[in-house]
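J.: My questions will all concern the structure given below.
The values are calculated or read from the model by the stated rules, or taken from the named source; none is laboratory data. All values reported here derive from a predicted model rather than from experimental measurement. In this analysis, Cβ positions are derived from the backbone assuming ideal geometry, glycine residues included, and neighbour counts consider all displayed protein chains. With ligands, DNA and RNA removed, areas are computed over all heavy atoms of the protein, side chains included. Shrake-Rupley method; radii C 1.70, N 1.55, O 1.52, S 1.80 Å.
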Amino acid sequence: MKAAVVSSFGSAPRYEEFPSPAAAADDEMIIDVIAAGLHPRVRSQADGSHYTSTGELPLVPGIDGVGRGRDGLLRYFILPDTRMGTMAEQTVIDARRSIVLPAGSDPIAVAAAMNPAMSSWVALRQRVHFEAGQNVLVLGATGSAGQMAVQVAKLFGAGQIIAAGRTAGRLAGLPALGATGTVLLDGDAGGAARRLGQSASDADVVIDYLWGQPAAAAMAAVVTDRADRGKPLTWIQIGSVAGATAPIPSAALRAARLQIVGSGQGSVSSREILAELPALAREITAGTFHVDARPTPLADVEQVWADAARTAQRIVLTPRI
Ligand SMILES: NC(=O)c1ccc[n+]([C@@H]2O[C@H](COP(=O)([O-])OP(=O)(O)OC[C@H]3O[C@@H](n4cnc5c(N)ncnc54)[C@H](OP(=O)(O)O)[C@@H]3O)[C@@H](O)[C@H]2O)c1
């Protein structure tokens with residue numbers, strides 16, 4: 001069969017022949033893949049930088065996707081860490097880590113949106129007791145997951161939704177998705193902190209895709225300008241596009257009722273994540289979210305790979321089109 005094959009961690013995957021997968025265990029199922037999203041996690045899997053990488057090659061990247069098994073049902077599935085990923089004509093899944101999609105689901109939209117939308121959906125459902133009317137700050141709102149977080153917060157009835165990001169053009173589109181305010185994070189650090197303090201000091205929950213220095217500065221700004229420092233503030237660490245570590249000011253943790261939690265595989269169990277997927281898939285299928293997907297034939301994987309880091313669209317590889 002044809003697949004996207006990584007033979008060297010220094011180069012983009014190539015469209016090549018790869019042995020077809022075989023199902024071994026009872027719950028395993030061979031799937032004809034229809035669509036697989038090129039998420040940041042897939043890029044780090046393919047360049048060997050993800051912490052789960054075993055260094056073994058060749059590998060087929062792809063951590064999730066949409067496809068059909070022999071039962072003919074359209075499924076969304078998540079794979080464990082494996083060298084037989086989803087960017088191939090066929091893959092093998094554990095049926096227990098899949099959901100059957102509702103009638104009318106668009107495989108491209110589901111493959112593009114599930115991973116980025118899941119990040120905030122699961123965080124707000126599983127890592128904090130989120131209530132309608134609470135205020136949310138999305139830190140790093142200009143990427144796919146950040147845009148989804150604005151929309152998920154709106155769906156869950158958030159009061160204020162402040163979207164903060166470094167690119168003015170992309171930030172400008174977020175009020176149409178539900179942001180009640182935006183904060184530009186470029187320019188001098190002091191100015192950005194002042195703007196954040198003014199706009200988001202009343203946040204109840206922060207959904208943080210940045211970490212690094214920008215998150216530490218944002219934390220200091222939000223806490224310093226907080227009118228009621230006894231009001232709980234939950235900072236949910238989800239992504240680290242601005243740095244794997246952050247110099248968190250100790251005073252921020254003492255001076256306000258701030259708690260920092262993470263959300264992702266591990267801090268939320270697979271069972272808890274899977275339990276959230278059917279409702280999320282229904283919202284995607286119902287068209288609740290604006291999904292900016294770029295479907296691309298799998299044969300073009302090598303050419304399109306570098307674009308993934310530059311485009312605001314989520315590239316979705318389609319092995320059968
Ligand atoms: N824990 C989970 O469950 C989970 C699930 C999904 C994703 N994630 C993580 O969430 C993060 C975002 O994912 P994504 O799908 O949204 O990726 P994406 O679509 O590639 O977006 C990443 C965004 O990060 C922004 N960015 C990069 N460096 C920045 C910096 N120094 N300051 C401010 N913004 C910066 C870019 O903003 P501009 O557009 O402004 O350049 C870009 O739009 C990744 O780290 C991903 O691994 C976690």
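J.: Is it fair to say Leu298 is open to solvent by less than 20 Å² (accessible area, probe 1.4 Å) and within 13 Å of the ligand (Cβ to nearest atom)?
T.: The answer is no for Leu298.
J.: Looking for whichever is closer than 28 Å to Ala279 by Cα, assigned by TED's automatic domain parsing to the domain that holds Ala309 and of a type in the set (Asp, Glu) here; the options are Asp47, Asp26. Which one fits?
T.: Asp26
J.: How many of the residues making up the range 1-22 are of a type in the set (A, V, I, L, M, F, W, C) and either closer than 17 Å to Gly37 by Cβ or open to solvent by 70 Å² or more (accessible area, probe 1.4 Å) (or both)?
T.: 5
J.: Filtering the range 101-137 down to residues that are among the charged types (D, E, K, R) and assigned to a loop (DSSP other than H, G, I, E, B), which residue is nearest to Gly159 (Cα to Cα)?
T.: That would be Glu131.
J.: While we're on this one: Would you please list the contacts, defined by Cβ atoms under 9 Å and residues six or more apart or on different chains, that run from a residue in the range 43-71 that is within 12 Å of Ser7 (Cβ to Cβ) and aliphatic (A, V, I, L, M) to a residue that is open to solvent by less than 50 Å² (accessible area, probe 1.4 Å) and within 12 Å of the ligand (Cβ to nearest atom)?
T.: Leu59/Gln45
J.: Taking the range 200-246 on its own, how many of its residues are open to solvent by 10 Å² or more (accessible area, probe 1.4 Å), assigned to a loop (DSSP other than H, G, I, E, B), in contact (Cβ under 8 Å) with a residue 40 or more places away in the chain and not charged (D, E, K, R)?
T.: Number satisfying all stated conditions: 6.
J.: Failed condition for Asp106, given (1) more than 17 Å from the chain's Cα centre (by Cα); (2) modelled with pLDDT under 95; (3) not hydroxyl-bearing (Ser, Thr, Tyr), with all others met?
T.: So Asp106 meets the others, but not (2).
J.: So, Glu28, is that one open to solvent by 30 Å² or more (accessible area, probe 1.4 Å), touching a helix residue (DSSP H, G or I) at 6+ places or on another chain (Cβ under 8 Å) and at negative phi or not?
T.: yes
J.: To continue, here is another question. Which residue, of Ala176, Ala153, Ala163, Ala158, is under 19 Å from Ser199 (Cα atoms), of a type in the set (A, V, I, L, M), surrounded by fewer than 19 Cβ atoms within 10 Å (Cβ to Cβ) and modelled with pLDDT of 95 or more?
T.: Ala176
J.: Which residues, taken from the range 247-266, are modelled with pLDDT under 95, loosely packed, with under 14 Cβ neighbours inside 10 Å and within 16 Å of the ligand (Cβ to nearest atom)?
T.: Gly266 - this is the single residue of the range 247-266 that is modelled with pLDDT under 95, loosely packed, with under 14 Cβ neighbours inside 10 Å and within 16 Å of the ligand (Cβ to nearest atom).
J.: Follow-up question, since we're still on this one. Which of the residues spanning the range 237-246 are hydrophobic (A, V, I, L, M, F, W, C) and more than 9 Å from the ligand (Cβ to nearest atom)?
T.: Ala244, Ala246
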